[in-house]
1. Quick one: residue 487 ticks every box in (1) in the same structural domain as residue 397 (by TED's automatic domain parsing); (2) touching a residue at least 60 places away in the same chain (Cβ under 8 Å); (3) within 26 Å of residue 554 (Cα to Cα) bar one, so which box is it?
2. Please verify whether residue 303 is within 28 Å of residue 58 (Cβ to Cβ), buried (at least 22 other Cβ atoms within 10 Å of the Cβ) and in contact with a helix residue (DSSP H, G or I) (Cβ under 9 Å, 6 or more places away or on another chain), treating the condition exactly as stated.
3. Taking into account only those residues within region 416-436 that are out of contact with any helix residue (DSSP H, G or I) (no Cβ under 9 Å at 6 or more places or on another chain) and either free of Cβ contacts under 8 Å to residues at least 24 places away in the same chain or exposed (fewer than 15 other Cβ atoms within 10 Å of the Cβ) (or both), which is farthest from residue 464 (Cα to Cα)?
4. Taking into account only those residues within region 456-478 that are assigned to a loop (DSSP other than H, G, I, E, B) and out of contact with any helix residue (DSSP H, G or I) (no Cβ under 7 Å at 6 or more places or on another chain), which is surrounded by the fewest Cβ atoms within 10 Å (Cβ to Cβ)?
5. Provide a single number: the residues in region 402-415 that are in a loop (DSSP other than H, G, I, E, B) and either free of Cβ contacts under 8 Å to residues at least 40 places away in the same chain or more than 20 Å from residue 480 (Cβ to Cβ) (or both).
6. Go through region 490-505 residue by residue and tally those that are in a loop (DSSP other than H, G, I, E, B) and in contact (Cβ under 8 Å) with a residue 40 or more places away in the chain.
7. So which of 552, 618, 603, 612 is out of contact with any strand residue (DSSP E or B) (no Cβ under 6 Å at 6 or more places or on another chain) and either surrounded by fewer than 20 Cβ atoms within 10 Å (Cβ to Cβ) or within 29 Å of residue 320 (Cβ to Cβ) (or both)?
8. Check every one of the strands (runs of 3 or more DSSP E) wholly within region 555-641 and list those with 1 or more residues that are in contact with a helix residue (DSSP H, G or I) (Cβ under 7 Å, 6 or more places away or on another chain).
């Protein structure tokens, strides 16, 4: 079972009484409101990293090293703390402890910071000064940290949001380099990497990427051939250890309009954004480089209860989608504007601990009081800790988000987030690949107005009622039984003639066979069984994305936990009579342009043709097009697009091509289509 939280009895009673005080706030739902939750322990999403839960600390914060801060980090299992703070990373000179043009508070130097990190049992994530620093300065910091002081700082980033250095028009990140292009950032980053690793080759170094759907992702500057990510990834991937992205859903300035529902609906979009970044890294970098979400927060309802729900959902969504550390921005910040959202006071303070500031006669809670976002992160360690396995889970209702974790001791934790402020939902749970014991689950709940997390041990593993606007973690104990074989190692996938070969490290001597499963939603579909450590998959759907796990079986028929997942795209036929080249040529956050070049490889002209494809995500669509008549229709799988020619493109000559173009719109991610059909024939995708 997961370790328990220390919860004051008085706080528990107060929170429980508050949740039960007004029955009108929890109207009984109709039978049709029962939420069906599916948990599939055979569908693995990866292992929780030792640095999974993180936060930012900033040298402008005079309270960043308060003893209470270290205690609160430790209580929430904050295992990674990023320094010296946002854009200050490109201004801060570590040796002199100065930020030219900025504010440095007393007692915020690197040694003081490392004292807090150590007292919290965490590790540091340090931003090396790219904007106004040098590779030599960064190497000196590594030497001081890891050779002189023996702090063992493992994670380093090269600069902060350098795409905001003015190259694309907006200037919020300081960059003194004469060449501010992404190509220059890539070249200079490699100089930083080489200088820093010459001092300590064991450190891990990250480079900056943009996140889909947020400006300037997709923007191609005049004179460039590609956007920021498509320039940086291939240049630095051979030598970098991870890439960093940031995510701030909501408007670009603090939003007091109260679009809290939109905030709470945003984490599924994060999954699509991260999938697009990972696909770009794999395609352009040639390998699976880890991702770090080193800044995340919201511009909406920052200090309301909804921020706690958002934090929990966002952290787990990121961890399920290839991120190894998620770092809230930030520990303390500042009161920006007092307002009210849904009856709650919001100070628009992006920190998760209060600074106790006042404005317009209204004061924040006392210094270092946790805001709801802190509790949303804190409750996660009751469900998932380092070494635990994230597994696939799903809900029949968008208002109820669900995540699941197979804990190291064999138990299963289910995290249930009710995003509805006025309805308590009954939940019915179904399990695949896991058998509950008959004992009551242990639950931890965070509800509106609570200042603590409430523990209980009651009920059964199959039903639960979720209070309105709540987070509930439910640890279901596993039925007793013989231990199965250990899980196989992380699989890899490579293309071979006629299919894809998936290979994996062996699971151990008790493994008698291996079964390969494809994830389809919360279900798993068997693709094949073998006694070896590889399996060639044939008959795959051209252009389809496959996420697969490998499970080991013993002679008694018991299956192991799943391996980490591997995702690949099934190849399109290389000998097709047609070929399509799809390229995004420009983007601006919520829109993009693309060209589609269709080549006729046949011996005869093709006339009065029709080209069809499907966008991979629902938030991607065609606005207007050129070169033909474009039509589209939304489906549950994405938008289906069809284009027929105009007079100029009516005929594609044998061996010739036509080029089409369109303006697209996107809500977040905008991955490229992977399969195109010309008159029903699947084309080769170039």
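The values are calculated or read from the model by the stated rules, or taken from the named source; none is laboratory data. A quick note: this is a predicted structure, and the numbers were derived from the prediction, not measured. Using ideal geometry, Cβ is built from the backbone for each residue, glycine included, and neighbour counts are taken over all protein chains shown.
1. (1)
2. yes
3. Out of the qualifying residues, it is 435.
4. My answer is 458.
5. Qualifying residue count, region 402-415: 1.
6. Total satisfying the criteria: 4.
7. 603
8. 628-635
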